[in-house]
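What follows draws every value from the coordinates through simple rules; no lab data is involved. All of these numbers come straight from a predicted model, not from anything done at the bench. We place every Cβ from the backbone using ideal geometry, glycine too, and count neighbours over all the protein chains shown.
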Amino acid sequence: MFNLHKEARAMAQEAWDESEFSIDDAGYFLHQSCEGSEIAIYYGKAINFCANNNTDSGESWLEDCGGIAQPGDCFGNIACRIAFATLLCTCEEYLAEIAEGHKESDNGN
């Protein structure tokens, strides 16, 4: 089973490390990583993810971007979109924490 917080924390850390501590580059890296996640690609995994996780943040993000459903969407497409957005939002929260921790440790030296 996909553990949202464990996966998001690991993805955020990888993005931060790979970006050489650039928040903008890390954000781009995260977006790409989330798009390629199995929960953003496979209908069954996305539906299972949505059934087992709080997707409020992802749904809000999608509404801000123009809506959850698009013309011609099937249920699987919508689930993939919600799963992607939820993962992205969670990753971004962890990335912000990581960047803040890095900033604080730099200020302490």
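Quick notes on this one:
- Dipole magnitude of segment 4-104 about its Cα centre (Cβ charges: Lys, Arg +1; Asp, Glu -1), debye to nearest 20: 480 debye
- Binned Cα-Cα distance frequencies in the chain - 5 Å width, integer %: 2, 14, 22, 22, 17, 11, 7, 3, 2, 1, 0
- Label point 7 Å beyond Cα of His5 along Cβ direction - residues of segment 24-50 with amide nitrogen under 20 Å: 49-50
- Sorted peptide list for 43-50, 14-21, criterion being average Cβ within 10 angstrom, highest first: 43-50, 14-21
- Computed from the C-beta positions of Tyr43 and Lys103 and an R0 of 41 Å, the FRET efficiency is 0.55 to the nearest 0.05.
- For the options Leu88, Leu62, Leu30, a Gaussian network treatment of the chain with springs between C-alpha atoms closer than 10 Å singles out Leu62 as fluctuating the most.
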